[in-house]
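Below is one structure, written out as C-alpha cells; the observations come after it.
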Amino acid sequence: MNFDEILSHIGGFGKFQKSLYVWICLPQILLAFHMLISVFTGAVPPHLCRSTNTTWPLTASSYPPNLNFSLVTGPDGDPGRSCSAPGGIPGTPLAQLNHSTALALSDSHTTEGCQGGWEFSKETFHSTVATEWDLVCDHANLNHVGSSIYMFGLLVGAVLFGFLADKYGSRNIILVGLTIQSTCGVGAAFAPNFYIYVFLRFVVGTTISAVIMNAFVLGTEWTGSKHRMLAGIITDYFFGFGYIILAGLAYLIRDWRKLQLAISAPGFLFIFYIWVLPKSARWLMANQRYEEAMDLVRKAALMNGKPLREDIEICQGYKDMVKMEKRTKHTVIDLVRTPKMRRSSLIMFYLWFVNVLVYYGLSLNISDFGMSIYLTQLIFGLVEMPARTITLFTLNRSRRISQIAFLVVGGLACLLTVFIPDDLSIVRTVLAMVGKFGITASLSIVYVYSAEVFPTVIRQSGIGMGSMCARAGGVLAPIIYLLRGVSKKAPMVLFGLCTLLGAALTLLLPETVHQPLADTIQDVEGSSIRSLPYFVH
C-alpha cells in the first residue's frame, strides 16, 4: 500500500487537510507583499536637479509649492531635464518659477551636473528607496540591479532550502523561513544605506522560496491526487489577495520605511505554527521514523472521521515501497539523457522561465502604463482571481491547448501595447491587464503540466529544475527594463515575442489530459506526440 492509497483510506481532502491548507495559505499573503513591494518602495517620482547657482534653490523648503515637476523632468523622466541643473533664468525671481517658467528653465543653455542633489515630487510618494538614496540618473540602474539581486535570492533559496528540506523536513524549513523572512524584512525598514537594504532583501528572497516550495510540497504530500489541482489553485488565490491588499496598504502608507515595516512585522504572528503545522508523514516514513508518521496518520484519520485499522499492514507496505524506490537512483542528467525526454524537459524549462519573466516583468513595472500606480496594482491583483479560476475549467479539456491559448493571449496583448499612443493610458492598461491575465493563467497551468510531462522517477528533479529556470526569469525581469535606454517599447516587444515562442514550442509537448502518468523514462521514449484534441463536452 503506497501513501496515496493510505490517503484514500483516511480521506484525501478532509478536515485535517482543510485545516492544513488554512495554515499554508495565510503566509501566501505576506509572500505577495514581499514579492511586489518594490513597485512602491523602489518607485522613482518626477524629480529635478538642485543647482549650486544662487538663482536656484539649494533646499527643498525654497522650492515654490506650485512647481510642476513633470514639466521640468520631462516625459518619461527625460535625463536631459532631470539630470543636469539649469544655470538660471536672468530676471526670473524664484517665486515666479512655476508652470510657465519651468520649461524655460529646463531649456536653459547653461547646465551643470547635479552637485546639489535632487528634489523629488511628493505628490504620489512621501519617500521611496530612490528618493532617499538618490537612485536616479547615473545611479538609476542600481534600482533595477537591487530588484534582480532580490530575485536572485529566490534562486539561491530554491537550491539551498530544497536541499535542507530533504534533510530536515518541509515543516521545519517553513518555520525557519518565516522567522528569517520577518526578521530581515523588519531589518530592511531600518537599513542605514542602500547596500545593507539590498542584502537584507536578498535574504528575504531566499526565504520566499523556502516557504513557497515547502508549503506546496507539504500540502501536496497530505492531499489526495483528486484534489491537488483545486488545493493548489486555492493557495494561488491567497497570493492574489495579497496582491490586492498591497495596493491599499501602499495607498495609505506613502513612506517606504513604514510600508516595509507594515508588511514584515505581521510575519511574527506565525510563531503559533510551531504548535499547529504538521510534519509530512511521507518524509517521516522516508527517514525511517515510522511510529511518528503513523501517529500523524492516525490523527489525520481521526479528524477526517475515518479512524485507522490495519496500521501494521499500512506501515509495512510503505516500508517495502521505500526499499524498492531506493534500489534505482536517478539524477537530473536523466532529464536530458534521451531524445524525447530531452525535448520535453528543455521546453518545460523554457516555459517556466518565460512565464515568470513576463509575470514579474509586468507586475513590477506597472508605472509604465500611464494610470495611477495604485489603481493599476489593484486591477492587476483583481485579474489574478479569474485568471486562476478559468484554468480549473480549461485544464480538464486539454493541458496543451490551455497552455498554448493563454500564452498566445499574453504575448499578443504585450505586443499590442507598443502600438498604443501614450495619451491613451486606459487602453494601454487594459491591454496590459489582458496580458497579465494570460500569463497568470499560463503560470498556473505550467505547475500542473510539468507534473504530468515528467515521469515519476524524475518528477521532483524536473519540477526542481523548472523552478530554478523560473527564478532565472525573475532575476532578468527587472533588468529587461534597462532596454528602455534603447527603446521605450523594447521590454514589451521582448515579453511578447518570448511568450509567443513558448506557445509555438508547446506544440511539441505531449497531451496529458485523461492519460495515465508516465512512471519511467522508457514510458516517455515509447510514447508519441498525440494529435491536438478538440475541446469536447
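For the reader, a short list of remarks on this structure follows.
- Meets criteria (out of contact with any Gly (no Cβ under 7 Å at 6 or more places or on another chain), surrounded by fewer than 17 Cβ atoms within 10 Å (Cβ to Cβ) and under 30 Å from Asp519 (Cα atoms)) for Phe419: no
- The residue list Ile245, Ile234, Ile274 contains one member that is at pLDDT 90 or above, β-branched (Val, Ile, Thr) and within 23 Å of Ile379 (Cα to Cα), which is Ile245.
- Test result for Ser225, among the small types (Gly, Ala, Ser), crowded, with 18+ Cβ neighbours inside 10 Å and in the same structural domain as Asp4 (by TED's automatic domain parsing): no
- Filter pass, Asn355 being under 30 Å from Ser461 (Cβ atoms), out of contact with any Pro (no Cβ under 9 Å at 6 or more places or on another chain) and assigned to a loop (DSSP other than H, G, I, E, B): no
- Residue match in the stretch 102-125 (condition: of a type outside the set (Asp, Glu), modelled with pLDDT of 80 or more, part of a helix (DSSP H, G or I) and within 24 Å of Phe199 (Cα to Cα)): no
- Of all residues in the stretch 396-408 being surrounded by fewer than 20 Cβ atoms within 10 Å (Cβ to Cβ) and either touching a Pro at 6+ places or on another chain (Cβ under 6 Å) or not polar (S, T, N, Q) (or both), the one that is nearest to Leu509 (Cα to Cα): Ile401
Each row is one residue, and each column tells you yes or no for (1) of a type in the set (S, T, N, Q); (2) under 28 Å from Ser467 (Cβ atoms); (3) crowded, with 18+ Cβ neighbours inside 10 Å; (4) outside the structural domain of Ala265 (by TED's automatic domain parsing).
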position: His126; (1), (2), (3), (4): no, no, no, yes
position: Thr131; (1), (2), (3), (4): yes, no, yes, yes
position: Leu154; (1), (2), (3), (4): no, yes, yes, no
position: Ser170; (1), (2), (3), (4): yes, yes, yes, no
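- Within the stretch 486-504, the set of residues being among the polar types (S, T, N, Q) and modelled with pLDDT of 90 or more comprises Thr499 only.
- Single match in Ile426, Ile420 (criterion: farther than 23 Å from Gly232 by Cα and not in a helix (DSSP H, G or I)): Ile420
- Enumeration of residues in the stretch 40-57 that are modelled with pLDDT under 80 and either surrounded by fewer than 20 Cβ atoms within 10 Å (Cβ to Cβ) or in contact with a Leu (Cβ under 9 Å, 6 or more places away or on another chain) (or both): Arg50, Ser51, Thr52, Asn53, Thr54, Thr55, Trp56, Pro57
- Contact map, the stretch 1-26: residues that are assigned to a helix (DSSP H, G or I) paired with residues that are of a type in the set (Lys, Arg) and buried (at least 17 other Cβ atoms within 10 Å of the Cβ), Cβ distance under 8 Å, separation 6+ or inter-chain. Pairs shown: Phe3/Arg282.
The values are calculated or read from the model by the stated rules, or taken from the named source; none is laboratory data. Note that this is a predicted model, so its numbers are computed, not measured. Note that we place each Cβ from the backbone using ideal geometry, even for glycine, and neighbour counts take in every protein chain shown.
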